[in-house]
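Here is the structure we will look at, set down as C-alpha cells.
The values are calculated or read from the model by the stated rules, or taken from the named source; none is laboratory data. On a predicted model such as this, the values are computed, not experimentally measured, just so you know. With ideal geometry, Cβ positions are generated from the backbone for all residues, glycine too; neighbour counts draw on all protein chains shown. All accessible areas refer to the heavy atoms of the entire protein, side chains included, with ligands and DNA or RNA removed. Shrake-Rupley method; radii C 1.70, N 1.55, O 1.52, S 1.80 Å.
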Amino acid sequence: LESDPKVVLAGQDIGKLGGVFRITEGLLADFGEHRVIDSPLAEAGIVGTGVGMALRGYRPVLEMQFDGFVFPAFDQIINQVAKFHYRSAGKLRVPMVIRIPYGGGIGAVEHHAESPEVYFTHTMGLKVVTCGNPNDAYWMIQQAIASDDPYIFFEPKRRYHDKGEVDTEGAPVPLHTARVVREGADLSVLCYGPMVKTCLQAAAAAEEEGRSLEVVDLRTLSPLDMDAILASVRKTSRAVVVHEAQRSHGLGAEIAARLTEQCFYDMEAPVLRVTGYDTPYPPSRMEEDYLPDLDRILDAVDRSLTY
C-alpha cells in the first residue's frame, strides 16, 4: 500500500474490524476507506469488482473471509480471473491477489475449515502459493501483489499467531521456488502451508530415533518447483508427501506421479502420502482425528524405510 498507490484492499470486515484474523488491522486508519474497502457480503461481487479494477490498472488484494466462502466466487475466478490473459492473447492482464485463510485446527464451524487448493492448482492461468512461516508470509504477499499475474494466496489460519523472525534486510527467496527447511539424508518429507511446522516436529522426533528426515516446504503449489523436489528425492531416495486436503486426486497424487515419471530409478520405495481423509471436513471436535499429525507422518516414514 505504501509503495504502490494502485494497490487496493477489499473484503468483508477488513476495514473497521481489521479482518476476522486482524490481518488488516490499522490499515483503514492509515490509507482510508477508498483503498481499504469494507465490501458487502457477496464474494462473487468482491471478485467481479476486483476484475474490473485490475483491468483498469489497479492491483486489488481481495480477502475471502474463510476458505469455504470462496465458492460463490468460483465462477468469477475460474472463468474470468484465470482466463483473461490467455483469452486476450496477452493483451489484458489481471494483477490480482485473492487471499484465502485455509485449513483446519482452529475449532471452527461448518464452511470455516476447508483445504480447497486443488481446485485452483488445476486451473491454468492462476498462480497458487502458500506460506508456512512468518518470514515467507511477509515476503510472499508482497511478491504476489507486485506480479502482473493473478494469485491465489493461501494463508494457513492456524498458523496466524505463530511467532518467528522476519528478515527485512536480506533478499527474499524467489516466489516460485521450494525451500529445504531442514536438511536430511534418509527420506524427503514434502509439505506446505500448515503442515510445514508439523513436519518439522516429526523430523525432530525422528532424529531421536536415529533417522534423518529432509523437510521441503513447497511454498508454490502452481507451478510446482520440481527441480527442488527432484533434487531432494534423488538425494534421499525416498519421499512422503503431507497435506491436510483429502487424499484422492490431490497434490500428493500429482507429486507422486511426477516423481515416478522423472526419478523412478533413483527411488528405493514408492512415494507415500499422509493426508486428510476422503470425507468432508469433520466437525471441530473430530479435527484431531482428521488432520495429519506426528504419529501418522512417522508411521509413513517407518513404512517407507522398511521397503
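Overview of values
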read-out: Dipole axis of the chain (+1 Lys, Arg; -1 Asp, Glu on Cβ), positive-most option in 298, 223, 212; value: 223
read-out: Value of relative contact order over segment 85-148, rounded to a whole percent, pairs C-alpha under 8 Å and six or more apart; value: 37
read-out: Shape category assigned to segment 172-307 from the gyration tensor of Cα positions, a/c cut at 1.5; value: rounded
read-out: Dipole magnitude (debye, nearest 20) for the chain, charges at Cβ of Lys, Arg, Asp, Glu; value: 960
read-out: Per residue value of the accessible surface for the chain (all protein chains in place, 1.4 Å probe), Å²; value: 47
read-out: DSSP-assigned coil residues among chymotrypsin sites (Phe, Trp or Tyr not before Pro) in segment 26-134, each with at most 13 further Cβ atoms within 10 Å; value: none
read-out: GluC sites (Glu not before Pro) restricted to DSSP loop in segment 238-279 with at most 13 other C-beta within 10 Å; value: 268
read-out: Centroid-to-centroid separation of segment 185-234 and segment 9-75 [C-alpha atoms, Å]; value: 33
read-out: Set 16/197; 127/197; 6/83; 6/157; 127/163 screened for pairs whose C-alpha atoms are more than 25 Å apart; value: 16/197; 6/157; 127/163
read-out: Loop-resident sites, segment 123-194, for GluC sites (Glu not before Pro), counting at most 10 other Cβ within 10 Å (DSSP); value: 165, 169
read-out: Spatial separation of Cα centroids for segment 252-301 and segment 144-175, in angstrom; value: 25
read-out: Interchain or long-range residues, amide H under 5 Å from residue 222's placed H; value: 128
